[in-house]
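Novice: Once you've had a glance at the structure underneath, I'll fire off some questions.
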Amino acid sequence: MAQRTAGIEVFRPLSRSVTSRSAAPAEQSDSGTWLMGACAALLALLFAAVQGYAIVAVGGGDYSIARTLATVAIVGTVITGLLGLVALLFGFGRRWGAIAVVLSILANPLALTRILGVLDTISS
């Protein structure tokens, strides 16, 4: 008599013993999961440097370059903030994604002026 199954066993319990053949693809697929968050953090750091250079350009009196760099910093930090948020929410390098979100907020010129304005009213 043939053994009767209940259908496709999609949610069957996994065995505790893992062979080396089945472990190799899982290790390869997990090795690149941090890359998205790390790239977002690196780009956020780059746009923070762009914002710093824009501030130096304003101090030197070159307003047209400073305005262009500030616009690049605004757009770039919004993109890296969203990329870091995606990495944070979906597990593509959560720590790096959180770092990218914080750096993007602090490096965004619009957010930076708000933060400095709030700190000014608190301190006075």
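The values are calculated or read from the model by the stated rules, or taken from the named source; none is laboratory data. Keep in mind the model is a prediction, meaning the values are calculated, not measured. Here the Cβ is made from the backbone with ideal geometry for all residues, glycine too, and neighbour counts use every protein chain on show.
Novice: Does Val86 count as over 12 Å from Ala48 (Cβ atoms), over 10 Å from the mean Cα position of the chain (by Cα) and in a helix (DSSP H, G or I)?
Specialist: no
Novice: So how many residues does segment 89-106 have that are under 11 Å from Cys39 (Cα atoms), among the small types (Gly, Ala, Ser) and part of a helix (DSSP H, G or I)?
Specialist: Of the residues in that region, 2 qualify.
Novice: Across segment 72-106, what is the total count of residues that are in contact with a helix residue (DSSP H, G or I) (Cβ under 6 Å, 6 or more places away or on another chain) and either modelled with pLDDT under 90 or of a type outside the set (A, V, I, L, M) (or both)?
Specialist: 11
Novice: Looking at (1) in contact with a Phe, Trp or Tyr (Cβ under 6 Å, 6 or more places away or on another chain); (2) buried (at least 22 other Cβ atoms within 10 Å of the Cβ); (3) under 21 Å from Val58 (Cβ atoms), which one does Gly76 not meet, given that it meets all the others?
Specialist: Just one mismatch for Gly76, condition (2).
Novice: Please find, among Gly37, Gly117, the residue that is at pLDDT 90 or above and either in a helix (DSSP H, G or I) or of a type outside the set (A, V, I, L, M) (or both).
Specialist: Gly37
Novice: In addition: Can you confirm whether segment 12-32 contains a residue that is surrounded by 10 or more Cβ atoms within 10 Å (Cβ to Cβ), at pLDDT 55 or above and under 32 Å from the mean Cα position of the chain (by Cα)?
Specialist: yes
Novice: Let me ask you something else. With the condition kept exactly as written, say whether any residue in segment 106-120 is over 11 Å from the mean Cα position of the chain (by Cα), under 14 Å from Leu46 (Cβ atoms), of a type in the set (A, V, I, L, M) and crowded, with 16+ Cβ neighbours inside 10 Å. Can you show your working first?
Specialist: So in segment 106-120, the residues over 11 Å from the mean Cα position of the chain (by Cα) come out as 106-120.
Filter once more, so that each one left must be under 14 Å from Leu46 (Cβ atoms): 106-108.
Now narrow it down to the ones that are of a type in the set (A, V, I, L, M): 106-107.
Now narrow it down to the ones that are crowded, with 16+ Cβ neighbours inside 10 Å: 107.
Within segment 106-120, one or more residues are over 11 Å from the mean Cα position of the chain (by Cα), under 14 Å from Leu46 (Cβ atoms), of a type in the set (A, V, I, L, M) and crowded, with 16+ Cβ neighbours inside 10 Å.
Novice: Still on this structure: Any idea which of (1) at positive phi; (2) in a helix (DSSP H, G or I) is the one Gly61 doesn't satisfy?
Specialist: Of the numbered conditions (1) at positive phi; (2) in a helix (DSSP H, G or I), the odd one out for Gly61 is (2).
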